[in-house]
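Visitor: Before anything else, here's the structure in question.
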Amino acid sequence: MKTVLVPLDGSEQSWNALEFAAEEFPSATVHVLHVIDPVEAGYTATATVPGYTEEWYEQAQERADELFQQAEEELGAESMKSATEVGRPSRVIVDYAEEHGVDQIVMGSHGRSGVSRILLGSVAEAVVRRSPMPVTIIR
């Protein structure tokens, strides 16, 4: 049986990737991964503002749980495993795939180009470069 990893960030592109994975690999076990990126909070994980880091993390975890519930409704619980990890998304995605014996990564791309891509980087591109397994990018 094939194992597919779909990183889910709640964007339309990530939902399209989940839909693609479900259609293309109907008998696969789908790992749905949500990465909590501390950079999104606008500070480092070692922030010294009491309670702020913990509160932000709890909200991010609640969002992940909501995403997993939606994904489970789409895929069905028997074919889905979910996980939340903290860190730099491109690194976490590849590390998770390697640690869990994933056969294929299917992920959405935001399709940024030009200056925004240079400034923000491309998680999808970094995953493609680092991944030892095939990666399918969905726009």
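Visitor: Confirm whether ALA97 is within 18 Å of VAL32 (Cβ to Cβ), assigned to a helix (DSSP H, G or I) and either of a type in the set (Asp, Glu) or modelled with pLDDT of 95 or more (or both).
Guide: Values: within 18 Å of VAL32 (Cβ to Cβ): yes; assigned to a helix (DSSP H, G or I): yes; either of a type in the set (Asp, Glu) or modelled with pLDDT of 95 or more (or both): yes.
Yes: the conditions hold for ALA97.
Visitor: Pick from region 120-139 the residues that are assigned to a helix (DSSP H, G or I) and among the small types (Gly, Ala, Ser): which of them is farthest from THR3 (Cα to Cα)?
Guide: ALA126
Visitor: I need the full set of residues from region 62-94 which are outside any helix (DSSP H, G or I), farther than 18 Å from PRO38 by Cα and not polar (S, T, N, Q), in order please. Before the answer, list the steps.
Guide: Initial filter on region 62-94 (outside any helix (DSSP H, G or I)): 76, 80-88.
Retained after the next criterion (residues that are farther than 18 Å from PRO38 by Cα): 76, 80-82.
If the condition is that a residue be outside any helix (DSSP H, G or I), farther than 18 Å from PRO38 by Cα and not polar (S, T, N, Q), then GLY76, MET80, LYS81 are the ones that fit.
Visitor: Collect the residues in region 59-101 that are within 19 Å of TRP15 (Cβ to Cβ) and small (Gly, Ala, Ser), keeping them in residue-number order.
Guide: ALA60, ALA64, ALA71, GLY76, ALA77, SER79, SER82, ALA83
Visitor: When region 1-25 is examined, which residues are found to be of a type in the set (A, V, I, L, M, F, W, C), assigned to a loop (DSSP other than H, G, I, E, B) and either buried (at least 21 other Cβ atoms within 10 Å of the Cβ) or under 14 Å from the mean Cα position of the chain (by Cα) (or both)? Working first, answer last.
Guide: At the first step, the residues of region 1-25 found to be of a type in the set (A, V, I, L, M, F, W, C) are 1, 4-6, 8, 15, 17-18, 20-22, 25.
Filter once more, so that each one left must be assigned to a loop (DSSP other than H, G, I, E, B): 1, 8, 25.
Scanning region 1-25 gives a single hit, LEU8.
The values are calculated or read from the model by the stated rules, or taken from the named source; none is laboratory data. All of these numbers come straight from a predicted model, not from anything done at the bench. When we count neighbours, we look across all protein chains shown, and the Cβ atoms used for this are built from the backbone with ideal geometry, even at glycine.
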